[in-house]
Amino acid sequence: MPTATAEHEPQAATFTPRILVFTTNTISDPGVDLAGSSHFHYSPGVNVISVPCTSGIRPAWILHAFDSGFDGVFVATDGEECAYLHDCAKRSNALVQRAQQVLKERGMDPGRIRVAAICSVCAEPFTRHMTTFSAALAAMGRAKAD
């Protein structure tokens, strides 16, 4: 029986969405590192950038990720555990909402941007987020930034 080649497989079978993840140095980044050191499996299309505080991320950075070929952006906030700002979660959610609005204005699905609190021991929740987000992005297909 002949075997299928990549040339004859449907795109969905070979498409691995590129996801940019913003993490924080002190809280969410250790959780992401723990997922890796625990050998939890999630998409190889995940790329991580660590920042001091997610409330300092600019919507333009998120949009630049799409212009650079990423299919989704995930903001891993510290939630209420932020060492810098008492209202970090509120600020982070607001900046994600602004970026989602601009994405919608560009004719793209705002669901390509997600945010969730990830703590320093949240390896399993992070892995679940990446698995479900990757599957959702794969169903949407490649992002087409203007």
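Any chance you could count how many residues in the range 10-34 are free of Cβ contacts under 8 Å to residues at least 12 places away in the same chain and either touching a strand residue (DSSP E or B) at 6+ places or on another chain (Cβ under 8 Å) or closer than 26 Å to residue 89 by Cβ (or both)?
1
Can you find, within the range 87-116, the residue that is surrounded by the fewest Cβ atoms within 10 Å (Cβ to Cβ) among those that are within 15 Å of residue 77 (Cβ to Cβ) and touching an Asp or Glu at 6+ places or on another chain (Cβ under 7 Å)?
89
Could you list all residues from the range 100-146 that are among the hydrophobic types (A, V, I, L, M, F, W, C) and either in a strand (DSSP E or B) or over 16 Å from the mean Cα position of the chain (by Cα) (or both)?
If we filter the range 100-146 for residues that are among the hydrophobic types (A, V, I, L, M, F, W, C), which is where we start, we get 102-103, 108, 113, 115-119, 121-123, 126, 130, 133, 135-140, 143, 145.
Selection gives 102, 113, 115, 116, 117, 121, 145.
Tally the residues that are surrounded by fewer than 18 Cβ atoms within 10 Å (Cβ to Cβ), touching a residue at least 12 places away in the same chain (Cβ under 8 Å) and of a type in the set (A, V, I, L, M, F, W, C), restricting the search to the range 35-60.
Result for the range 35-60: 4.
Within the range 46-55, does at least one residue satisfy the condition of being over 21 Å from residue 138 (Cβ atoms), part of a loop (DSSP other than H, G, I, E, B) and at pLDDT 85 or above?
So far as the range 46-55 goes, yes, one or more of its residues are over 21 Å from residue 138 (Cβ atoms), part of a loop (DSSP other than H, G, I, E, B) and at pLDDT 85 or above.
The values are calculated or read from the model by the stated rules, or taken from the named source; none is laboratory data. Computed from a predicted model, the values in this text were never measured in an experiment. As a convention, Cβ positions derive from the backbone with ideal geometry for all residues, glycine included, and neighbour counts pool all protein chains shown.
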